[in-house]
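The values are calculated or read from the model by the stated rules, or taken from the named source; none is laboratory data. The shown structure was predicted, so the numbers you read here are calculated from the model rather than taken from an experiment. Neighbour counts run over all protein chains shown; Cβ positions are idealised from the backbone, glycine included. When the accessible area is computed, the model is the full protein with side chains, heavy atoms only, and any ligands, DNA or RNA have been set aside. Shrake-Rupley method; radii C 1.70, N 1.55, O 1.52, S 1.80 Å.
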Amino acid sequence: MIINSIKIKNFQTYFGDVEFEFDKPSSKKNVTLIGGLNGAGKTSFFSSIVLGLFGKNAQGIIFERSTGESINDSYESYLNEVFSNEAKKVNDIEMEISISITHEGNDIKIARKWWFDNNIDEILEIYTEQDGMVAPLEIPKEDVERNEYYEAYIQSIIPSQVGRFFFFDGE
């Protein structure tokens, strides 16, 4: 899996739309380092990748579940914590993380969006690009719920249990 770009909207210190694009790896350059001063957003950047890929399955990597608390409650508490304070000030209710990757030669875009009104609503979208055409990832069976299939698809690329060994804050 190669991360090509990430778009972050209203996540922690990232207010509004912020996009990062990465050079394609080569035999001479296949690692990207993220550096910056304290408070510049390095940990937020890392957390956005993990949240964008795994959503609720990021539990244990970027957020913990308190004793006696359900995973849904822990996840919702985490989301309320990381939603941009600047966005709250201007009554913007949307947070989004989109990650474009290449996996086994396929270009894939994973987009998670959250809306913060009375409840927190979340949608997961996955798009593939072939021959210059972008289309939603096809669901093979009609009796499979879309989000469930999409989550399983991401887990087939990089399981969240393994992700904790690849995505860690080296601070």
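All conditions but one from (1) open to solvent by less than 90 Å² (accessible area, probe 1.4 Å); (2) within 28 Å of residue 148 (Cα to Cα); (3) touching a helix residue (DSSP H, G or I) at 6+ places or on another chain (Cβ under 8 Å) apply to residue 64; the one that does not is (1). Candidates in the stretch 156-169 are the residues that are open to solvent by 40 Å² or more (accessible area, probe 1.4 Å) and modelled with pLDDT of 75 or more; of these, the one that is nearest to residue 64 (Cα to Cα) is 161.
Yes/no matrix, rows are residues, columns are (1) of a type outside the set (Gly, Ala, Ser); (2) within 10 Å of the chain's Cα centre (by Cα):
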| position | (1), (2) |
| --- | --- |
| 27 | no, no |
| 32 | yes, no |
| 39 | no, no |
| 54 | yes, yes |
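Does residue 108 satisfy being touching a Ser or Thr at 6+ places or on another chain (Cβ under 8 Å) and either closer than 19 Å to residue 155 by Cβ or open to solvent by 80 Å² or more (accessible area, probe 1.4 Å) (or both)?
On the way: touching a Ser or Thr at 6+ places or on another chain (Cβ under 8 Å): yes; either closer than 19 Å to residue 155 by Cβ or open to solvent by 80 Å² or more (accessible area, probe 1.4 Å) (or both): yes.
So residue 108 fits the description; yes.
Assess whether residue 26 counts as being over 26 Å from residue 156 (Cα atoms), surrounded by fewer than 16 Cβ atoms within 10 Å (Cβ to Cβ) and modelled with pLDDT under 95. It is false that residue 26 is over 26 Å from residue 156 (Cα atoms), surrounded by fewer than 16 Cβ atoms within 10 Å (Cβ to Cβ) and modelled with pLDDT under 95. When residue 19 is tested against (1) assigned to a loop (DSSP other than H, G, I, E, B); (2) in contact with a Lys or Arg (Cβ under 6 Å, 6 or more places away or on another chain), just one condition goes unmet, and that condition is (1).
Listed by position, the strands (runs of 3 or more DSSP E) inside the stretch 95-152 whose residues that are at pLDDT 95 or above and under 20 Å from the mean Cα position of the chain (by Cα) number at least 1 are 106-116, 120-130. Applying the condition of being touching a Ser or Thr at 6+ places or on another chain (Cβ under 8 Å) and among the polar types (S, T, N, Q) to the stretch 1-41 and asking which residue is nearest to residue 115 (Cα to Cα) yields 10. Has the stretch 109-118 got any residue that is over 25 Å from residue 34 (Cα atoms) and touching a Pro at 6+ places or on another chain (Cβ under 8 Å)? No, there is no match, as no residue in the stretch 109-118 is over 25 Å from residue 34 (Cα atoms) and touching a Pro at 6+ places or on another chain (Cβ under 8 Å).
Taken over the stretch 39-66, the criterion of being part of a loop (DSSP other than H, G, I, E, B) and within 19 Å of residue 84 (Cβ to Cβ) is satisfied by 39, 40, 41, 62.
Scanning the stretch 67-76 for residues that are outside any loop (DSSP other than H, G, I, E, B) and open to solvent by 50 Å² or more (accessible area, probe 1.4 Å) yields 72, 73, 76.
Residue under question is residue 12, and the condition is that it be polar (S, T, N, Q), surrounded by 12 or more Cβ atoms within 10 Å (Cβ to Cβ) and farther than 24 Å from residue 155 by Cβ; does it hold? Yes: the conditions hold for residue 12. Only residues in the stretch 65-90 that are among the polar types (S, T, N, Q) count as the first member; pair them with residues that are open to solvent by 90 Å² or more (accessible area, probe 1.4 Å) and assigned to a loop (DSSP other than H, G, I, E, B), Cβ under 6 angstrom, at least 6 apart or cross-chain, and list the lot. The qualifying pairs are 74/65.
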